[in-house]
Structure formats: structure tokens, C-alpha cells
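Bear in mind these aren't lab numbers, they're just calculated from the coordinates by the rules spelled out. All figures in this text were calculated on a predicted structure; none of them were measured in a lab. A quick note on method: Cβ atoms are made from the backbone with ideal geometry, for glycine too, and the neighbour counts reach across all protein chains shown.
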Amino acid sequence: MDIRTASHGWRTPRVLAGVCAGALVAALLPGQASAAQPEITVATNQVTYFGTEGGSARVGVTVTTGDGQALAVAETVAYATGDGSAVSGADYTPASGQLTFAAGTPSGTTKWFEVALRRDGQIETAETIPLTFTPATAKPASVVINANGMAYLNSRLPVEWRVADLVRRMTLQEKIGQMTQAERGMVFDNPDLIEQWMLGSVLSGGGSTPPTNTPEAWLTMVNRFQAEAMSTRLQIPMIYGIDAVHGHGNVYGATIFPHNIGLGATRDPKLMEQIGEATAAEVRATGIPWDFSPCICISRDERWGRTYESLSEDPSVAIKLASIIDGMQGRLGDPSRVLATAKHYAGDGDTEFDTAAAEFNVGRPWYEQRYTIDQGITVTSRQDFARLDFSPYPPAIKEHKVGSVMPSFSSIDWTEDGVGNPTKMHANRELITDLLKDRTNFRGFVISDWEGIHQIPDPAEPTNGGLTAYKVRVGVNAGTDMFMEPNTAKQFEDLLLAEVQAGRVSQSRIDDAVRRILRKKFELGLFERPFAPTDKVGEVGSAAHRALAREAVAKSQVLLKNSGGLLPLSRNAHLYVAGRNADNLGNQTGGWTIQWQGVSGDPTVGTTILEGIRQVAPSATVTYSADASAPISAGDIGVVVVGETPYAEGFGDVSGPECGFCTPEQLEEKSLSLQAGDKAVIDRVCGAVSRCVVLVVSGRPQVLTDQIGQIDALVASWLPGSEGAGVADVLFGRRPLTGRLSMTWPRSVAQVPINVGDASYDPLFPFGWGLRTGGHHAVGDDARDAAEQAVLSGQAPSGWAKLFAEADRASLSDDPATAVTLLARVAGKE
């Protein structure tokens, strides 16, 4: 079980031990045990044992009693090797015998036998030795003699040489397998499908977890799947992927960082790099080497249900903060780093709102309703596409060396070509092959989104929402290299094989895709270290990572209004805390936390904002009433925490479908305006106390122009994640408020979409706005200070918001002279 091989240098992981890790179990029949002994279970401690020529494989057999007590009578387990692809006497020394567990042996005792592996000096692929047991196990275990002598196994050779050597040895079916990704749920009960289908990858969708959602269970599962991949003749490791979009959100107890909309407000590239590194460490600790993140999309319409996945409405912020890729990937061979994915290529945040879909949805059941903006059509010119939607990708590729790119579900409709003929991104050869791969020189691989090619229209079967040969052919020829086929992996493989054999997909296109995938597997070190170690699970939710998340939360808070300098609060204040998001961890972590759409309540481990207030200001007097029904003292300071409940793609679209499978709290209609209950709490508290702070916990700006007059201090808290104490840190001055809006805050719903650079621009708060506390202003901020004072005193000229936003954009583009000039105009000094 703990065998180091000369050719690979990797170990079979101890995490595979145990029945839950794919052990082979045989329960003795009642007639096989004495009346004095309960039923017992015999299990091998793993499915596959790996060894190298000239070494041996050590096989463990464990006996467990049903009541956990010691054996009442002796039990014997017989074992024997048999011929598979390895030949007895030539490749290994046959082994057979019995393992006797004496009466009194403790339940759970393991005994071992060894299979000696012979050295024949030949260059060979992996060979298998079946093992049989009496009593028979549910499925025989096996020993795999590792492949040896081939150039691609030599870690001292250049990666490109290794790739070329491996590709020339592969069959067409093996190549297609590398291009195929199945979902965890498809293979969990039958992991041997990974070997049978020769799968190159497995993923977990949102909320797809092992039955016991712990870091240890994740690690066990991934290593179990890897054992199947390493049982194939060429032993090409599979690569597991997951959406860790704000920390390792699928895993209970992981650190949950603020969603991108909050991180965009930090404007802090170094912080982003640290977050990327921490996220990678937690993801890799669970055995997963690939993250479908970051989203570098540009959100241009707050009605989009994925707005919070965007760093900004302006590409300069996304470009500046793409440093998260450096933290995630580092040097790819480092076992604490992951392969990153830039997504969703491109224009996913720039789609048109579908008014017809919104009207269609009215009064219909949720399962008939349609998305109103997600996965829609980006109507744009090639020039505007390059300036906005595409612009974050060249830096991500050339400067940060991102390893994979995921196309968007959306479509592109070029205005130059006449609007009305959109092309799905998954079918867009012009943008995937010509622009991304050839002109931008992207050398990584392109991974489709979830069943992405299923949405390609098939002219012959326009109503078919599943896979067809046409969709497979178009998707592959457009340039996608690996296909996320969660439930139709085998069908995809069969269709693609037929298309290649018919000459409709070239062998060279297949080879290009496979070379790209293998290149990253080699660079990640998966051939040398296919199995994850067990000693890193403590990284998940570690104190250091939570401290970093707390810092990120504090830096993401944007102070929109601060009348009379109300913030920071005294830590001895009398506070009346209200609002449904004050003490709701699920609401503050948002979507992509434990479940795809997120969940209200307490889905994971963390600190709510209310808990953070009590933690940071233990001397404060705190009265908490979610609905503000408790008596209010006029002398209290109100802290009202309102906003949204969790949602994710599609179901978060304004006027889009309800989430019929979500918690009741999440069924509310999605809107850019606060819910009536939130408004009522603001009115009740702010109308009764001496001074009032409102925190908006949301995945996008919320229109509250009608309430702004009774609010003394207003903070955009976004979706802060698991560390609510970071919000309390800035409320009480433990850290300064420094965040700046990365999204324009509209004055009314009618203004949406509204973005910096619009000809008509008159928001409630402009792009870049964010008051600061604590005197921690950067050198050179005098012009900004003067501009803010002019605005707050009512002395700023008409149209100041446009000038202020353009000044902030100029500073992001490293043009301080223009920024100072524009701010001087806001201050009335020019």
C-alpha cells in the first residue's frame, strides 16, 4: 500500500484505506459464522494496489464484526492472484494462501500479504493482476504493475517531448477520453467507469459533494477516482475540477471569501493574489488540482443574476485584479497550487435584457419560466467587444499565464454583420480558435461550460436540447478542447468517435486538443504525483485563511454616505441591530456556497455580521430584532442589515425564473429594489433612533433612493462571505473604510443599465465612489479629498458624478494627471 515506484515516484495514498474509499466488501453469510459470532465483513483496504517492476505490492485485508466486538471464533480468508494483462511467472510471482484471524482478534484488524513483481527489462504499458478472495468480495481487487521505460514517464525530459511521446502512443479512443469530463454523480457509485470510458476529467457541479461533506471525504473520493484512471494502460491521470469561485464553497467548513463584486471594490492586486493562493491551498488540500475560476467577465447590466461574479463594469478593474491567477497557479508544479480558468469567454456580462422572456414568465410555474438575461445575446461591434468584453483576456493569458479558458453560454451578434444572426460562443471558431488561440497565442486548453454544446442549434433537429453529432462536430471544430458532459460523457465519446471516423472532425484537431490538455497535466506534476497527500486537510478553513478573508471583507466595504461622521461607531455604543441579513450566514455568503444557488440559514462555518459586532465591540449594548419588532430606544444607534437572499446564474435574473428547489426565503422575486420587508425595517428603525447605519448585503447595487434621506450612514457590504467580523471591523474603526464602487449605484431602476462612460450618467453614487475613514488616505489623495468635500457640501458642479467616475477610471489606467484634472473640476478649482 505504501509502495514508491522507481519510474513514477508516487505513492499509493493511505487515504484509500477503508470501506468508504472503495473497499471490496464481503459479508459472510449467517451459515458461515458460528452462532456465537455476529456477522462479519471482509474487505480489502483499497480497490487497486500499485507497484513497479522489481518491487512488490502489499495488499491489506480487514475483518470487521457487525457489533464492533472482537472475533468470537477464528476466521480464515483465502486469497490468490490470477492472470490479467500481466502474466504469471513472467511479470509477477504467483501468490496464494490464507490469512487467519484468531478468536479474540479485535474488530477492524488488517492482515497483509505481498505480491512480488518481476523485472523483465521491457518497455511496457501498465499491466493488471486480478486478486480473488474466499469468501468472495463484491468486486475483486487488483494489482497494477506501473508502466515503465517510456519517454513520457521521464520527469527530466521537457514537457513538450513528453507530450509528443504520449500522444503518439494513444489510440483514438484514448484521445477522445482525454477530451471528456463527467460529473461526480455519474461515476461515484461506479468509479470503474473512469477506466472503462478512459475519462480525462471529472468535476463536481455546484452542491455535488460526497455523502459526508468533509475535507477528508473529498480527498478520499478524488483519490479513489484517480486510482481508476491510473489503472488504464498508459496511466494518464485524470484532472478533477470544481467551481471554487469565492473560496472552496462546495466544502463544509472551508473559508468563504467575498464574492468578486466585493473584491472589485478593494482595488488591491496583492490581496487578490493572496486570496488566490489561499483558495488554491484549500482546493488542493481536498485532492483537486483545477479551479473553474476566476470570472473576469465585465457586468454591464445589474439585472444579470451573475453580477456578483464580476469584478466590475469596467475592464480596467478586472485587468488590475487578475493577479488572483498568480496566487492560484504560482508555479504549476507546486502541489499547493491549482490550474486556474478564465471565464466566461466572452461577453457573458454584456448580454441584452430579454423583455419578451420577462413578459412570458408572468404567472407561469417556475419550471416553465425563462432566463431574462443570463446566457443571452451580446449585441456588439467587434471594436466594442475588443474594448470591453475581450480586453481582460490578453493580460490573463500573456501576463498571468492562465491555464484554461471556459466559453460562455451566451451568443455574439455582430452589428457590422447585421443584427439577427447570433452565434453561440461554444460554436464560435472566429473567437475561440482564430482570436483566442491563434492571435492571442493561448497555449492552454478550452473547457466547455456545463453541457455548453447542447445549446448549439442543430438545423436538422432544432428542438433537440440534448447532444447530436452536429453539435459535437461544431463544438470540437470551433476549438473547444475538453467537454463538460456531466451526464452524457459516453454518448459524447461515441458521437465524437463516429465524427472522426467519418472525416468530419480531423485527427489533427483531436491531437491539438489532447496536446493542450496533457501539457497542463504534465505541468501540474500529476504524472509524478497523481494522488493527493493526506496531511494538508488542515488547510481547509484554517485560522490564517479566515484572517485573510476577514481582511478582504473589511477592504471590500464601501461607505456611500456618512452624515455627521457617524462611522466609525464607539465600541461602547448602545446599538439596535435589525434586518434579516444581520444574523444569516447563508445570506451573506450568497450563491455557490454548499449549494449551487446558495442557501439561507447556516450552511457552513462562519461568523455572521451580528456575531462580528458582538465580537469586535464586546462592551457595546446590543439589542437584536430581525424584524424590528422589539422596543426601540430613541437614544440607540440603529444598525440595519438588509439586502438579498442567495441566488446564482439564471435564477438571479431580474424578472427571471423563481428557484423552485431553493429554500422558501429564496423564492422572493429578484429585483434591484429592496424588498418591502427591508424597507419597512429601515423605516421603523431609522425613524425611531437618534442615528442610523444601513448595511446592504447584496450581489448588486440596490435602489434605495427613497430611503436615503433617513439614513445617516450607508455601507455597501456586498456578499462578504464567512467572516462577518470584517464588517464589524470597519463599523467600529478597527480597520478604516477604503472600498470604492466597482459598479455604478443607480438612482432608479429606470436608469439600468448604467455604466461609467455613458453619455448620460447621473447615478445616485458614481463608479469609484467610496468615502474613507481613519485618516489612512494615500499620498496624492488631496485632489480626491477636495472633490469629496465639494460633493458632500453641495458645492460640486452639475454633472460631477460623470467627472468623478472618469477620474477614477483614469487613475486605474495609470493616468494620474487626467484624474487630478477631473477631480479639480469636481472640486470647483478649474
Listed peptides 787-796, 737-746, 365-374 by packing density, highest first (mean Cβ within 10 Å):
737-746, 365-374, 787-796
Vicinal HN-Hα couplings computed from phi for the stretch 250-260 (Karplus, 6.51 cos²θ - 1.76 cosθ + 1.60; Hz; Gly/Pro x)
6, 9, 4, x, 6, 6, 9, 7, x, 5, 4
Loop-located chymotrypsin sites (Phe, Trp or Tyr not before Pro) in the stretch 659-743, at most 13 other Cβ atoms within 10 Å (DSSP):
F661
Rounded to the nearest 0.05, what FRET efficiency is calculated for T821 and T214 with R0 set to 45 Å and r the Cβ-Cβ distance?
0.20
Counting pairwise Cα distances across the stretch 33-157, what percent come out greater than 21 angstrom?
46
Residue by residue through the stretch 798-812, what is 3J(HN,Hα) from phi via Karplus (6.51 cos²θ - 1.76 cosθ + 1.60, θ = phi - 60°)? Round to whole Hz and write x for glycine and proline.
4, x, 4, 4, 5, 5, 5, 5, 5, 5, 5, 5, 5, 5, 5
Other-chain or far-sequence residues with amide H under 5 Å of A244's (modelled H)
F292
Mean projection of the alpha-carbon convex hull of the stretch 372-471 over all orientations, in nm²?
7.1
Any idea what % of Cα-Cα pairs in the stretch 550-631 are farther than 19 Å?
50
How far is helix 543-556 tilted off the main Cα axis of the chain, in degrees rounded to 10, range 0 to 90?
30
Based on alpha-carbon positions alone, could you give the equivalent ellipsoid semi-axes of the stretch 752-830 from the gyration tensor, as √(5λ), descending, whole Å?
19, 14, 13
Residues other than P746 with Cβ under 12 Å of its Cβ, Lys/Arg counted +1 and Asp/Glu -1, net out at -2
Could you list, bin by bin from short to long, the percent of Cα-Cα pairs of the stretch 264-331 in 5 Å steps?
3, 18, 25, 22, 17, 10, 4, 1
Order the peptides 85-98, 805-818, 604-617 from the highest to the lowest mean number of other Cβ atoms within 10 Å of their residues.
604-617, 805-818, 85-98
With angles folded into 0 to 90 degrees, how steeply does helix 269-285 sit against the dominant principal axis of the chain? Use alpha carbons for both and round to 10.
30
So what J values fall out for the stretch 679-688 if you push phi through Karplus, 6.51 cos²θ - 1.76 cosθ + 1.60 with θ = phi - 60°, rounded to Hz, Gly and Pro as x?
4, 5, 5, 4, 4, 5, 7, 5, x, 10
Principal axes first, then extents: for the Cα atoms of the stretch 146-275, list largest minus smallest coordinate on each axis, whole Å, largest first.
51, 37, 23
So the pair-distance distribution of the stretch 159-532, from every Cα-Cα distance in 20 Å bins, comes to percents of 30, 61, 9, 0
Once the other residues with Cβ under 12 Å from the Cβ of R119 are scored (Lys, Arg +1; Asp, Glu -1), what is the net sum?
-3
What are the trypsin sites (Lys or Arg not before Pro) within the stretch 137-181 that DSSP puts in a loop, where the Cβ has at most 11 other Cβ atoms within 10 Å?
R156
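Per DSSP H run of at least 4 residues, take -39500 (n - 2.57); add these up for the chain, divide by its residues and hand me the 222 nm value, nearest 500 deg cm²/dmol.
For the chain, the value works out to -7500 deg cm²/dmol.
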Restricting to the chain, what percent of DSSP beta bridges are antiparallel, rounded to 5?
45
Amide H of V622: which non-local residues (sequence gap of 5 or more, or other chain) have their own amide H closer than 5 Å, using H built in the peptide plane?
L575
Dipole magnitude of the chain about its Cα centre (Cβ charges: Lys, Arg +1; Asp, Glu -1), debye to nearest 20
1720
Residues with amide H under 5 Å of G591's amide H, sequence separation 5 or more or different chain, H placed in the peptide plane at 1.01 Å from N; which?
Y647
Dipole magnitude of the stretch 159-532 about its Cα centre, charges +1 at Lys/Arg Cβ and -1 at Asp/Glu Cβ only, in debye to the nearest 20?
1120
Summed side-chain charge close to F353 - residues other than F353 whose Cβ falls under 9 Å, Lys, Arg +1, Asp, Glu -1:
-3
For the stretch 557-743, what size does the Cα cloud have along each of its three principal axes, sorted from largest down, in whole Å?
43, 34, 34
Inter-probe distance in nm under a simple model that places probes 7 Å from Cα toward Cβ, at Q491 and Y624
4.8
Convex hull volume of the stretch 687-830 per residue (C-alpha atoms, cubic angstrom):
137
Between R156 and V605, how high is the FRET efficiency from 1/(1 + (r/R0)^6) when r is the Cβ-Cβ distance and R₀ = 41 Å? Nearest 0.05.
0.40
Based only on Cα atoms, what Rg/Rh ratio does the chain have, Rh being taken as Kirkwood's radius?
1.02
For a quick check of your reading of the filter: which GluC sites (Glu not before Pro) in the stretch 614-690 sit in a DSSP loop and have no more than 13 other Cβ atoms within 10 Å?
E669
Estimated translational D of the stretch 85-160 in µm²/s (Stokes, Kirkwood radius over Cα pairs; 10 °C; 1.306 mPa s):
103
